[in-house]
Amino acid sequence: MLPYLIALDVDGTLLDSQGRLRPRVKNAVRAAVAAGHHVCLATGRRWVASRPFAQELGLRTPCIVHNGAVAVDPLTDEPVWKQPLPAEFVRQAILKARELGVSLFFHDLDHPHGDRMLYEPGARLPRASWFFEAGRLTQEVPDLLEWVSVGAVRVLVRDRYEGAEAFRRWITAEWGDAVRVLAGTDLEPGLYAVEVSDAPVCKGWAVERLAAHLQVPVERVVAFGDWDNDIEMLQFAGIGVAMANGSPAARAAARRVTASNDEDGVAVVLEELLGGGVRGGVGGGAGRGR
């Protein structure tokens, strides 16, 4: 039997609402790996924030991070691909952010996974601990324009709604479909985030690229997701599965809606899809999550 390619979003999908990897889900994923299936993460997180889960789950297949702009081999820690933004866009974006007085963060390609975030003095720094952890992969630099030649895999503006939305409108007017924009409420209350990648970059594009590399036909691709940045991935997959806690658009894009992330929704589908090999990996004491 041909193996499946199983792509797992992390936040809101693989992890529960408290950010935990639930035992039933962990066991089901590990059993799928042991059975010979290609299992990968497909997340907007940086690799440094994804690696611990890849290691805990024993993943062997390249993992998709930065919403598809980067893929990393979890066994070697080497990048499989990095898709940079157009240099001229990055240059103009830095200048526009200065003009609008909004905070811009630059994921530079000098870092092997694009994980480092550069910013200029006065930037509105996130309060969340993830920003300051992970080996201090954040760095204040005097002038981001000096880094344009290095290249950026992702640009992020996070600020008050008015400024961030003005930045998004500028991109739409000046760059159109030449870059890809994700915009929405930031995790920090009162702030708005605008994230920009190269035009083709999305999880669907990345999963399609990975499936071709692994020679897995689309009907053997299974994707799990919960939010709007998962839509293209859910639409591409032969079996696109949205979480019950997912956004309306994600649920509409999927072929199936499973239980929520607090109810072991990923495990429910994997146990059903892959049968005894996965159920056997769960162990006698594991029941359905509540």
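The values are calculated or read from the model by the stated rules, or taken from the named source; none is laboratory data. Note that the coordinates shown come from a computational prediction; the quantities given were computed from them, not determined experimentally. Please note: Cβ atoms are built from the backbone with ideal geometry, for glycine as well, and neighbour counts cover all protein chains shown. Protein only, heavy atoms only, side chains kept; ligands, DNA and RNA dropped before computing areas. Shrake-Rupley method; radii C 1.70, N 1.55, O 1.52, S 1.80 Å.
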Using alpha-carbon positions, the gyration tensor of the range 170-222 gives root eigenvalues a ≥ b ≥ c; with a/c under 1.5 called rounded, otherwise prolate if a/b exceeds b/c, else oblate, the class is oblate
Scan around Trp81 for amide H atoms under 5 Å from its own, H built in the peptide plane at 1.01 Å from N, and keep only partners 5 or more places away or cross-chain. Ala71
What are the residues whose amide H is under 5 Å from the amide H of Ala152, where those residues sit 5 or more places off or on another chain and H is modelled from the backbone? Leu85, Leu109
Which lysines, if any, have their Cα less than 27 Å from the Cα of Lys203, not counting same-chain residues under 8 positions apart? Lys26, Lys82
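Using the Cα gyration tensor of the range 132-181, with a ≥ b ≥ c the square roots of its eigenvalues, what is the shape: rounded (a/c below 1.5), prolate (a/b larger than b/c) or oblate (neither)?
Verdict is prolate for the range 132-181.
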Taking the Cα centre of the range 200-280 as the origin, how large is its charge dipole in debye, to the nearest 20, when only Lys and Arg (+1) and Asp and Glu (-1) carry charge on their Cβ atoms? 260
What fraction of the DSSP beta bridges in the chain is antiparallel, stated in percent and rounded to the nearest 5? 60
For the chain, which whole-number percentage of the solvent-accessible area (1.4 Å probe, protein heavy atoms only) is attributable to carbon and sulfur atoms? 49
Given charges at Cβ of Lys, Arg, Asp, Glu: the chain dipole, positive-most of Trp47, Val25, Thr76: Val25
Table column - 3J(HN,Hα) (Hz), the range 83-99, Karplus curve with 6.51, -1.76, 1.60, x for Gly and Pro: 10, x, 6, x, 4, 5, 4, 4, 4, 5, 5, 4, 5, 5, 4, 4, 4
Ranked packing of 14-23, 229-238, most packed first, by mean Cβ within 10 Å: 229-238, 14-23
Please name whichever of Leu210, Leu109, Phe167 sits farthest to the positive end of the charge dipole of the chain, dipole taken about the Cα centre and charges placed at Cβ: Lys and Arg +1, Asp and Glu -1. Leu210
If you average the sequence gap of Cα pairs under 8 Å that are 6 or more apart and divide by the length of the range 100-248, what percent do you get for the contact order? 18
Summing -39500 (n - 2.57) over every DSSP H run of at least 4 in the chain, dividing by its residue total and rounding to the nearest 500, the 222 nm mean residue ellipticity is -9500 deg cm²/dmol
Which of the peptides 155-161, 265-271 is most tightly packed, and how do the rest follow, judged by the mean count of other Cβ atoms within 10 Å per residue? 265-271, 155-161
Let's see if you can work this out: charge +1 on each Lys and Arg Cβ, -1 on each Asp and Glu Cβ, no other charges. What is the dipole magnitude of the range 137-290 about its Cα centre, in debye to the nearest 20? 660
Using modelled backbone amide H atoms (1.01 Å from N, in-plane), which distant-in-sequence or interchain residues come within less than 5 Å of Ala223's amide H? Ala7, Ile239, Gly240, Val241
Run the quick spin-label model on Ala178 and Arg91: label points 7 Å from Cα toward the beta carbon, then report their separation in nm to one decimal. 1.2
Would you look at the GNM of the chain, springs on alpha carbons closer than 10 Å, and say which of Val29, Val207, Val181 moves the most? Val181
For the range 45-84, what is the Kirkwood hydrodynamic radius in Å, using each pair of distinct C-alpha atoms? 9.9
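About its Cα centre, how strong a charge dipole does the chain have in debye, to the nearest 20, once Lys and Arg get +1 and Asp and Glu get -1 at the Cβ?
Values: 32 positive and 37 negative charges, 163 e Å.
Around 780 debye, computed over the chain.
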